[in-house]
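Accompanying notes for the structure given below.
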Amino acid sequence: MNILVVGGAGYIGSHVAGELLDRGHNVTVFDNLSSGLRENLLPGAAFIHGDILRYEQLRRALAETGAEAVVYLAALKAVGESMISPEKYSVNNITGTINLLNAAAETGFKYLIFSSSAAVYGEPVYLPIDEKHPANPENYYGFTKLEIERFLGWYDRLKGIRCASLRYFNAAGYDPRGRIRGLEQNPANLIPVIMETACGKRGELCIFGDDYDTPDGTCIRDYIHVSDLASAHALALDFISGNDRSITVNLGSESGSSVLEVLEGARRITGKPIPSRVTGRRPGDPARLTASAALAGELLGWKAEYSDLETLIRTSWDAYRAN
Ligand code: UFG
């Protein structure tokens, strides 16, 4: 299939582009390089430097590549920032999606794979979280993802655009084959922050609270390897095109690790001391988040393969060491 990967030079997008190439698709990466990196562009993928907010650039890219499907990963994703600058998230995430959907209606692509997030759920009412869990986002970022899912539902009904909304839990790790080495700039997520501390780029890891109701007092998250996310995108495209229907599925490993477990694992694997200090809680952090990924298993035949803590940390460390 001819596929436009919007945001394909970014951290998750580049892994997805690699997976689609491996499966024999014709891949064009469309990216404005605001956070994506040229070094993440893989041989075999074409590249168009363009911005989803410039409708004409987007429309031309879709028409020129004859895109039959789009993978849409070009969104802002910093939870904290979204609460301070919601306007940036409205424009980038929501206006960007509307441009894409309107361009689909104009250029005729029929399939869309959308990077949604576990942030749509908000504070968990029960665990593990399945797709029937109430969606009450606690931050503006999660709100934009949920709104976008709703737009997709309408365009499915009115325009026949079939979409897969993939609700990622905590994405982490790097390509085990070492093809993607571009590091995220100014990361705020736990594993990259730990890696930067291991490299000496940061002095210490701040642990945001150790008085949660969990066995060691630190928050538990469901870390999912980016290569597992990538394979799910390819399978989701096969599913929505093969079955002519839209889906919404969680992507998680179904296991939880605490901040201290991740830190101890990183100390062991890197052999670095990784200094840390417990600071106050970060507002809006639930104590535990774990996914049920049963629906992705059932519909897509997908299963996480690389999402054990050892592989998550080892592949991250390989990427950080190579830099
Ligand atoms: N943490 C620290 N210190 C840090 C960074 C994080 O202690 O420097 C802790 C957090 O408090 C949290 C855990 O590590 O308990 C994971 O935090 P992240 O910031 O890595 O991830 P979040 O769980 O907050 O959010 C991530 C993505 C969201 C997504 C969510 C879904 O950033 O986009 O997972 O589960 F919605």
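Evaluate the relative contact order of the range 1-158 (contact order divided by residue number), counting alpha-carbon pairs under 8 angstrom at least 6 apart; express in whole percent. Provide the component values of the computation, followed by the final result.
Numbers: 265 pairs, mean separation 33.4, N = 158.
Contact order relative to length: 21 percent.
Can you give the Kirkwood hydrodynamic radius for the range 147-204, in Å, rounded to one decimal and based on Cα pairs?
Numbers: mean 1/r = 0.0677 Å⁻¹.
One over the average 1/r among Cα pairs gives 14.8 Å for the range 147-204.
How high is the relative contact order of the range 98-141? Use alpha-carbon pairs under 8 Å, at least six apart in sequence, and give a whole percent.
Numbers: 25 pairs, mean separation 14.5, N = 44.
Here the relative contact order equals 33 percent.
Under 10 Å, Cα contacts only: if you run a Gaussian network model on the chain, which one of H233, H49, H15 comes out with the highest mean-square fluctuation?
Result for the chain, Cα springs under 10 Å: H49 fluctuates most.
Can you list, largest first and rounded to whole Å, the semi-axes you get for the range 136-266 by taking the square root of 5 times each eigenvalue of its Cα gyration tensor? List each step's numbers first, then the result.
On the way: eigenvalues 213, 68, 39 Å².
Output for the range 136-266: semi-axes of 33, 18, 14 Å.
Evaluate 2.2 N^0.38 Å with N set to the residue count of the range 36-121, then give the Cα radius of gyration divided by it. Walk me through the intermediate numbers first.
Values: Rg = 14.0 Å, N = 86, 2.2 N^0.38 = 12.0 Å.
Rg over 2.2 N^0.38 Å, computed on Cα atoms: 1.17.
Please report, to one decimal in angstroms, the Kirkwood hydrodynamic radius of the range 44-188 built from all distinct Cα-Cα pairs. Walk me through the numbers before you get to the answer.
Details: mean 1/r = 0.0602 Å⁻¹.
Final number for the Kirkwood radius of the range 44-188 is 16.6 Å.
Taking Cα atoms of the chain, Rg/Rh with Kirkwood Rh, to two decimals? Don't jump to the answer; show the numbers that get you there.
Numbers: Rg = 18.8 Å, Rh = 19.8 Å.
With Rg and the Kirkwood Rh in hand, the quotient comes to 0.95.
Output the 0 to 90 degree angle, nearest 10, between the alpha-carbon long axis of helix 11-22 and the longest principal axis computed from the alpha carbons of the chain.
60
Using a Förster distance of 41 angstrom, determine the FRET efficiency expected from the C-beta separation of K159 and Q185, and round it to 0.05.
Numbers: r = 36 Å, r/R0 = 0.89.
For K159 and Q185, the calculated efficiency is 0.65.
To test your reading of the geometry: what angle, between 0 and 90 degrees and rounded to tens, separates the Cα axis of helix 55-65 from the longest principal axis of the chain?
70
Out of all DSSP beta bridges in the chain, what portion is antiparallel? Express it as a percent rounded to 5.
Values: 2 of 40 bridges.
Restricted to the chain, the bridges split so that about 5 percent are antiparallel.
Against the empirical 2.2 N^0.38 Å scaling, what ratio does the C-alpha Rg of the range 1-85 come to?
It is 1.08.
Explain nothing, just the number: dipole magnitude of the range 166-321 about its Cα centre with +1 on each Lys and Arg Cβ and -1 on each Asp and Glu Cβ, in debye rounded to the nearest 20. List each step's numbers first, then the result.
Working: 18 positive and 21 negative charges, 118 e Å.
The dipole of the range 166-321 has a size of about 560 debye.
Beyond 16 Å, what share of the Cα-Cα pairs of the range 99-183 remains, rounded to the nearest whole percent?
The answer is 61 percent, as a whole percent.
Using only Cα atoms and rounding to the nearest 10 degrees, what angle (0 to 90) does helix 96-107 make with the longest principal axis of the chain?
Helix 96-107 sits roughly 30 degrees off the main axis of the chain.
Would you be so kind as to identify which of P43, P192, G160 lies farthest towards the positive end of the dipole of the chain, taking Lys and Arg as +1 and Asp and Glu as -1 on Cβ and the Cα centre as origin?
The residue sitting most towards the positive pole is P43.
Leaving ligands and nucleic acids out of the surface, order F208, F47, F109 by accessible area at 1.4 Å, largest first.
Working: F208 85, F47 60, F109 5 Å².
Highest to lowest solvent-accessible surface, that is F208, F47, F109.
Do you know the relative contact order of the chain, to the nearest whole percent, from alpha carbon pairs under 8 angstrom that are 6+ apart?
Numbers: 667 pairs, mean separation 60.8, N = 323.
The normalised contact order for the chain reaches 19 percent.
Let me know the shape class of the range 80-138, please: from the alpha-carbon gyration tensor, a ≥ b ≥ c as square roots of the eigenvalues, rounded when a/c is under 1.5, otherwise prolate if a/b is greater than b/c, or oblate. Could you put the intermediate results ahead of the total?
Numbers: a/c = 3.99, a/b = 1.47, b/c = 2.72.
In terms of gyration-tensor shape, oblate.
How long are the semi-axes of the equivalent ellipsoid of the range 236-323, defined as square roots of 5 times the Cα gyration tensor eigenvalues? Whole Å, largest first. Before the final figure, lay out each step's value.
On the way: eigenvalues 211, 67, 24 Å².
For the range 236-323, the semi-axes come out at 33, 18, 11 Å.
With every protein chain kept in place and ligands, DNA and RNA left out, what is the accessible area per residue of the range 60-125? Probe 1.4 Å, answer in Å². Don't skip to the answer; put the middle values down first.
On the way: 2550 Å² over 66 residues.
Solvent-accessible surface per residue comes out at 39 Å².
Under a Cβ-only charge scheme (Lys and Arg +1, Asp and Glu -1), can you give me the dipole magnitude of the chain about the Cα centre, in debye to the nearest 20?
On the way: 32 positive and 39 negative charges, 119 e Å.
I would put it at about 580 debye.
The values are calculated or read from the model by the stated rules, or taken from the named source; none is laboratory data. Note that this is a predicted model, so its numbers are computed, not measured. In this analysis, Cβ positions are derived from the backbone assuming ideal geometry, glycine residues included, and neighbour counts consider all displayed protein chains. Just so you know, the surface numbers come from the protein's heavy atoms only, side chains and all, with ligands and any DNA or RNA stripped out. Shrake-Rupley method; radii C 1.70, N 1.55, O 1.52, S 1.80 Å.
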